[in-house]
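The values are calculated or read from the model by the stated rules, or taken from the named source; none is laboratory data. Just so it is clear, the model here is predicted, and its values are computed rather than measured. Every residue, glycine among them, receives a Cβ derived from its backbone with ideal geometry; neighbour counts consider all protein chains shown. To get the accessible areas, we keep the full protein, side chains included, count just its heavy atoms, and leave off ligands, DNA and RNA. Shrake-Rupley method; radii C 1.70, N 1.55, O 1.52, S 1.80 Å.
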Amino acid sequence: MPVPIPRQRVIPAVENGHDGGAAPRTDRPTGSPTDTTRDTAPRGTTGPQTEPATTTEQTTTDVTDAPRTTGGPDGTDRTGATSGPAAPTAAEAAEALARIAAGSAAHPGSGPASTALTLLVIEDDPAGSLNIPSLLDSAELTVRVRTARNLTEAERLLTDDVHCILLDLALPAPGPRPAEAEDGTEDELAVLRHVLRLAPRHAVLALTGAENSARGPEAVRVGAQDFLYRDELDGRLLSRAVRYAVERKRADHAQRQLTESRLRAQENARLERGLLPTPLLEGAPLRFAARYRPGRSRALLGGDFYDTVRTADGTVHAMIGDVCGHGPDEAALGVELRIAWRALTFAGLCGDQLLSTLQKVLENERSDDEIFATLCTVDISPDGRSAGLCLAGHPSPLIARQGHLAELLPYDDNGPALGLLPQARWPRRQVELGRSWSLMLYTDGLIEGRIGAGNQRLGQDGMVSLVRGLLGQGLRGDALLEAAMTEVRALNGGELTDDVAVLLLDRMVPTTR
């Protein structure tokens, strides 16, 4: 593809503080250097040359303030820009810009504001009445100017180091015939729409004549950051408009990133919240409470899972489990196991038969052969006085019977975790619950928290002591779980690193006299 050859644009000579025949400059010490160099366009293979594009680079002292908007009665600022959408708050913009700082090279002009800017001018001005380098020189803005006479040249000169585009709306529209709007009239902003599609990440200034005053605000509505009148253009105005356009584009980009992040977080929250279980205990004389906290940052779902249902015969089935690992794959596998457990329970399976089937589900759904899951299932008889207990590598539940200290249920017949041994068996143990009781099922994230700054863990014994103290204070149900989670975090010195799930079932029968 032919590449335009850069040519030097006429710039007023600046020597010894004098600008040609103009009055001497007083803002630069005598002898201060002023570099005028050429900014070459990207080069490709040699071939036929098209109309040459012009790029110049000019370096001066930057004393221009950042852009400010002074509103007028017509809703425009002093640069002619219409007031745009509200910018994000300082905290939101800082958060978004911090997230995209690592990839700022991919976004033109991103990162901290710089005094050196690159301006791509797209205009066809044979008479040379629009002398952009001269205007910017009078505004004392450090700038590199690239000039393209048509959109083909502009596309070749449009690189990631370009901060802003100054587009003459009088340029002919691209294509063999003028573009038309939906109502059949000619689209006067077709060239702007083309540039916006060509440079979606660049700030764009629209240049128009005073006789087409309505075209400027319409250009901003279409997507330009600001508009300027050709007849009113001067160095100070252009300098201010370029900076304003670049900063507004950055703010718009940050706001868009914040909005996309919020929408994505809301979608993830709805999805994960929909995957959390809804206990089915209608008709059961039991109170249910649960607490769930994933170890992953900003997640609602982890590798831990639990569920509780009541079958038609009045038996209450409860389950809690833990998939090894903390990522989204483990969380998804935990949801699959929970749903499979509920379906198999309603189908009438329990004990070894149910766990053997769950192991087959795990083996077929896990992403790696090393993945396993621990599980604890309890099926409480309709009268509420006894239960069947199955443990698959999982900690034994805690029970607090009325008139007795809280203790752990027997775990002598604990079977292996699901997914470790292909032909494993899981015995079902019958346990007595009593008349009134509280049964707490939990995952190891609760007992693996540290105690203080050392390496000592809370452990099952520490958890039992902690729950005994809370029960002694008269706490039950949700209040008991909330206090237990708070105290465990306090002993750990902060948030727990592992997923935590706790499920509590209470059966309180009033004492008859």
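Structure values in brief
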item: Test result for L337, under 27 Å from E448 (Cα atoms), under 35 Å from the mean Cα position of the chain (by Cα) and not in a loop (DSSP other than H, G, I, E, B); result: yes
item: Residue within the range 403-411 that is surrounded by fewer than 16 Cβ atoms within 10 Å (Cβ to Cβ) and in a strand (DSSP E or B) present; result: yes
item: Yes/no for E247 being free of Cβ contacts under 8 Å to residues at least 12 places away in the same chain, surrounded by fewer than 19 Cβ atoms within 10 Å (Cβ to Cβ) and not in a strand (DSSP E or B); result: no
item: Some residue of the range 459-466 being under 36 Å from the mean Cα position of the chain (by Cα) and buried (at least 16 other Cβ atoms within 10 Å of the Cβ); result: no
item: Index of the failed condition, G415 passing every other in (1) out of contact with any His (no Cβ under 7 Å at 6 or more places or on another chain); (2) surrounded by 22 or more Cβ atoms within 10 Å (Cβ to Cβ); result: (2)
item: Options D412, D498: the member that is at pLDDT below 95, within 18 Å of A392 (Cβ to Cβ) and not small (G, A, S); result: D412
item: Candidate set: the range 334-352, residues that are in contact with a Ser or Thr (Cβ under 8 Å, 6 or more places away or on another chain) and aliphatic (A, V, I, L, M); chosen: the one nearest to L275 (Cα to Cα); result: A340
item: Qualifying residue in the range 378-392 (condition: under 20 Å from V323 (Cα atoms), modelled with pLDDT of 95 or more, open to solvent by 60 Å² or more (accessible area, probe 1.4 Å) and within 40 Å of the chain's Cα centre (by Cα)); result: no
item: Residue identified as under 29 Å from V335 (Cβ atoms) and free of Cβ contacts under 8 Å to residues at least 12 places away in the same chain among G449, G494, G445; result: G494
item: Residue in the range 262-272 that is farther than 30 Å from T443 by Cβ, surrounded by fewer than 19 Cβ atoms within 10 Å (Cβ to Cβ) and at pLDDT below 90 present; result: yes
item: Set Y292, Y306: member being under 24 Å from A483 (Cβ atoms), open to solvent by 30 Å² or more (accessible area, probe 1.4 Å) and either touching a strand residue (DSSP E or B) at 6+ places or on another chain (Cβ under 6 Å) or among the small types (G, A, S) (or both); result: Y292
item: Filtered residues of the range 469-487 (kept if open to solvent by 40 Å² or more (accessible area, probe 1.4 Å) and part of a helix (DSSP H, G or I)); result: G472, D478, A479, E482, T486, E487
item: Members of the range 228-239 that are surrounded by fewer than 22 Cβ atoms within 10 Å (Cβ to Cβ) and either out of contact with any helix residue (DSSP H, G or I) (no Cβ under 7 Å at 6 or more places or on another chain) or outside any strand (DSSP E or B) (or both); result: R230, D231, E232, L233, D234, G235, R236, L237
